[in-house]
Each structure stands twice: as structure tokens, then as C-alpha cells.
Amino acid sequence: MLTYNSYLTPRSLPEALNVLISAKGSVVRLIAGGTDILPWARQGRAGDVHLDTLIDISSLSELRGVTLRDGTLHVGAATPIADFIRNPLLREHAPVLSRCAVWFADDQIRAQATVGGNLVNASPAGDSQPALLLHDCRATLSTLQNQKLVERQMPLSEFILGPSKTACQPNEVLVKIEMDSLKGYGCAFEKVGHRRSLVISTVCLAVAVKINWSSKKIEDFRLAIGAVGPVPTRITEIEKFLVGKVPDGKLLRDAAQMVADYVRSRSRQEYRREVLVNFVERGAVEALSRAGISIERVAKELS
């Protein structure tokens, strides 16, 4: 069972940070979507989990909103995962996240779970993380110094340090993420599971591709994997291998074989390697199809 002494609902980010800073030495947790409350309780498998203070930051205006400025998306950390499906701006400029969101839990959880919470939890199986890496996502953290808001920003690759471990300090709050627009890219998201919802990833993968139509070559290729190691990873080796080449079946098969060594999980390694190799091929074919390259031709070469 999860219990707590006090449940606070601050009305502003400075108020929330003041509570967080003044609670130094106490057991405090921030809550936004609250979809991980039950897992928190399960942490006390041999007994109860008790918190001194639970701080609800879900209604803070500083953590809300989606805007596009100079080709960069600015997304509040409390933005629900469901918004990547229903928000037209996000669907257009973050297409891989829209596809990822379809696989994220179910309708009720998507409506509550937040993109910031999914990052701060830093689960190795977090579905949004590979997709966000494709966007060169940057995390913005905020704290108070002399009662003034101070921010610092870092790439997502530096923010997630390991399972349930991030660069966020005890006196900081993740307030927003910034990411490149991928408007016009063909995208795909792959995830192991027998159904679309309520499946914890064993392997997941995100792909984005842009074609130079004058040369019919790959202008940009982005690939990130998750759930096969302690942190999500951009596979720059494969990205560099594919950029500047005309896509065909042999090229994609050769690229897929390069990914097997990136499996770092302690369990089911052979299974994950086989799945990951197949996912790279399938994800690349789907992304190329959505970018406008004939899926029938490439898929036939791979068969």
C-alpha cells in the first residue's frame, strides 16, 4: 500500500519548487499523470511504501502547452501522451511520436500519463524515449535560486542515465522538452507484443527517414532502440551507413545486421537480437513507404 502524510497541489511552479526545496530530508515525490502510483506501492513488496509528501504538479500552466517556433517544438512536460495522437501540430511535426502513442498502454492511461513522467521514470522499457531521441530531444529543468526561476537544458541522451535514474536533481522539476520538427519524414514505430495496448516492451524501435527526390537517395535516416539495454540509444552507425545511398533490400538487410550487438539486456539476449534485426528491416521499409518509396519493391527484395 502507498500512503503519505500530505498531498499538495501548488498553484505555480515557484510554489511547487519552494515546497520541494523546503522538504529536503523528507521522502517526497512529484506526481503529474499518476499512472505509476500502483508500481510505487509495489516497491514495498515486503511492506508498505510511505511518503512524507506527494506534490501534484499536473495543473501547473508552466508545464503545459505545445508550440512550434523556428522548426522547434516546445512541449510542456505535463502534456498527456494522448496529445501526440489528437493534437494536429504534434501529428504533423512529431509523426513518429504519434505512431508510438498508439502502442502506449490504453486510452485511459494515454489520457493521464505525461511525456515528462515517462522520461523522469526512466524505465528501460519506456516507449516514448526512442521516438524522442529521433527528434534530438532536449530536456529543460527548472529550480529556484534566490527565489528566481533558473533553467538548464541537456540532450535526452544525457538526461537518462540508467534504469530509474536521471540527471534531474532533488530540487529540480522537468518543465518542458524541445525537439526538432520531423515534418515530411516517413516514420515507423515497432514494439514486441501480441496486441497494441498494455504491453511492456521487450524490444521497441523508432525510425524516421527523409528522401532527396532529385537523387532518389536517403537524405536523412534516424534510428533509435529501447528496452534492449539500460538506456535508449540512437544507432548512429546505421544512420551514417544509410545516408546518401539509394534504398534497396540488400542495403536494408546489411544495415539490420549491424544492430544485433547493441542488445545489452541481461535476459533473453538471443531473442532480442533476432527481433531487433527484423524490426530494423520492417521499420525501415514502413518508414520508406510513408516517405514515398515503393514498399512493394523493397519488401520483395527482402523476402
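The values are calculated or read from the model by the stated rules, or taken from the named source; none is laboratory data. Because the structure is predicted, anything quoted here is derived from the model rather than measured. All Cβ positions, even for glycine, are placed from backbone atoms using ideal geometry, and neighbour counts span all protein chains on display.
Only one of the numbered conditions (1) in contact (Cβ under 8 Å) with a residue 60 or more places away in the chain; (2) closer than 29 Å to GLU239 by Cβ; (3) touching a helix residue (DSSP H, G or I) at 6+ places or on another chain (Cβ under 9 Å); (4) crowded, with 23+ Cβ neighbours inside 10 Å is not met by VAL173, and that is (2).
In the stretch 148-162, the residues that are outside the structural domain of LEU13 (by TED's automatic domain parsing) and under 15 Å from GLY116 (Cα atoms) form no Cβ pair under 9 Å with any partner that is at pLDDT below 95 and loosely packed, with under 13 Cβ neighbours inside 10 Å, whether six or more places apart or across chains.
When you scan the stretch 1-86 for strands (runs of 3 or more DSSP E) that lie fully inside it, which ones turn up with 2 or more residues that are crowded, with 19+ Cβ neighbours inside 10 Å and touching a residue at least 24 places away in the same chain (Cβ under 8 Å)?
Numbers: elements: 2-8, 28-31, 49-56, 66-69, 72-76.
Fully inside the stretch 1-86 and qualifying: 28-31, 49-56, 72-76.
Is it the case, given these coordinates, that LEU141 is at pLDDT 95 or above, surrounded by 21 or more Cβ atoms within 10 Å (Cβ to Cβ), outside the structural domain of ALA208 (by TED's automatic domain parsing) and part of a helix (DSSP H, G or I)? Considered against the rule, which asks whether it is at pLDDT 95 or above, surrounded by 21 or more Cβ atoms within 10 Å (Cβ to Cβ), outside the structural domain of ALA208 (by TED's automatic domain parsing) and part of a helix (DSSP H, G or I), LEU141 comes out as no.
Comparison of GLY226, GLY244 shows that the only residue that is among the small types (Gly, Ala, Ser), over 19 Å from SER289 (Cβ atoms), at pLDDT 95 or above and touching a strand residue (DSSP E or B) at 6+ places or on another chain (Cβ under 7 Å) is GLY244.
Here GLU151 does not qualify as acidic (Asp, Glu), modelled with pLDDT of 95 or more and in a helix (DSSP H, G or I). Which is in contact with a Leu (Cβ under 6 Å, 6 or more places away or on another chain) and either surrounded by fewer than 17 Cβ atoms within 10 Å (Cβ to Cβ) or in contact (Cβ under 8 Å) with a residue 40 or more places away in the chain (or both), of ILE225, ILE218, ILE211? None of the other options fit; the residue is ILE225.
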